[in-house]
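Comments concern the structure below.
The numbers here are math on the coordinates, done by the rules we state, and not lab data. The structure displayed is predicted, hence computed values, not measured ones. A quick note on method: Cβ atoms are made from the backbone with ideal geometry, for glycine too, and the neighbour counts reach across all protein chains shown.
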Amino acid sequence: MKKSPLIKSSKEIILLLLYAKGKTNKLYEPIDGRTRLMKMVFLFKEELKIYFNNKSILDTSSLPDFSAYDFGPFSYDVLNDIEFLKTNEFISVKTLEEEPIPEEIFEYNQWENEVNVKIDNETYIPEEYSLSNLGIEFTEKKLISELTIEQENILNEFKKRCTEVSLRTLLKYVYKSYPKMITKSKIRDEILKEYY
């Protein structure tokens, strides 16, 4: 019987990223903010898929579609999958006690407008995403157990690089590396001003 690929959508990518070790070198390290998580899924698709490009691991045809949007690479698939994972209690969301980052507010407001959800802009509060116990159990049984040690190490190193820098630094990397994804960006000049 033919084995179904492990990674069939951004849901599995999100779970793997939340499971991996990050800047503190601990499993299940949370990821701050929807924008950071979105850009990490984008970078996984662009830069890490080669390490998982085995039909039993990754179905490349089902990776999320990203398009150039107001604040760089954006995917409705990823936003919908985050909501699905929250609703079905695979991931937990914690409110952070810090000032919102402008890029987070902009991207969140864009999403609100596109899906006709209206929340007062002043009520936006930064969020931290982590795996719930259900998410940990599922990820260990269905995803991590099928990866090689090398693939796990690649995920850990990737997450560490993406979480130990500020969101602005991560955006600069994405903007500089993928110019076709920033053609519509409203903050392109501000993000890239140091490079010109």
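Just to be sure I understand the filter: pairs with C-beta atoms under 7 Å, separated by 6 or more residues or on different chains, first member in segment 125-150 and farther than 16 Å from G22 by Cα, second member basic (K, R) and in a strand (DSSP E or B). Which pairs pass?
Pairs found: E127/K94.
Could you run through segment 58-78 and say how many residues are charged (D, E, K, R) and within 10 Å of S185 (Cβ to Cβ)?
Qualifying residue count, segment 58-78: 1.
In a loop (DSSP other than H, G, I, E, B), of a type in the set (S, T, Y) and farther than 15 Å from E127 by Cβ: which single residue out of S61, S56 fits that description?
S56
Can you tell me which of (1) of a type in the set (A, V, I, L, M); (2) crowded, with 17+ Cβ neighbours inside 10 Å; (3) not in a helix (DSSP H, G or I) is the one V165 doesn't meet?
(2)
Among what's in segment 53-97 and is under 14 Å from I14 (Cα atoms), touching a residue at least 60 places away in the same chain (Cβ under 8 Å) and not charged (D, E, K, R), pick the residue that is surrounded by the most Cβ atoms within 10 Å (Cβ to Cβ).
Per the criteria, the residue is V78.
Of all the residues that make up segment 1-33, how many are under 16 Å from the mean Cα position of the chain (by Cα), more than 20 Å from C162 (Cα to Cα) and assigned to a loop (DSSP other than H, G, I, E, B)?
2
What residue, of L43, L48, L37, L79, is within 21 Å of S145 (Cα to Cα) and either among the acidic types (D, E) or in a helix (DSSP H, G or I) (or both)?
L48
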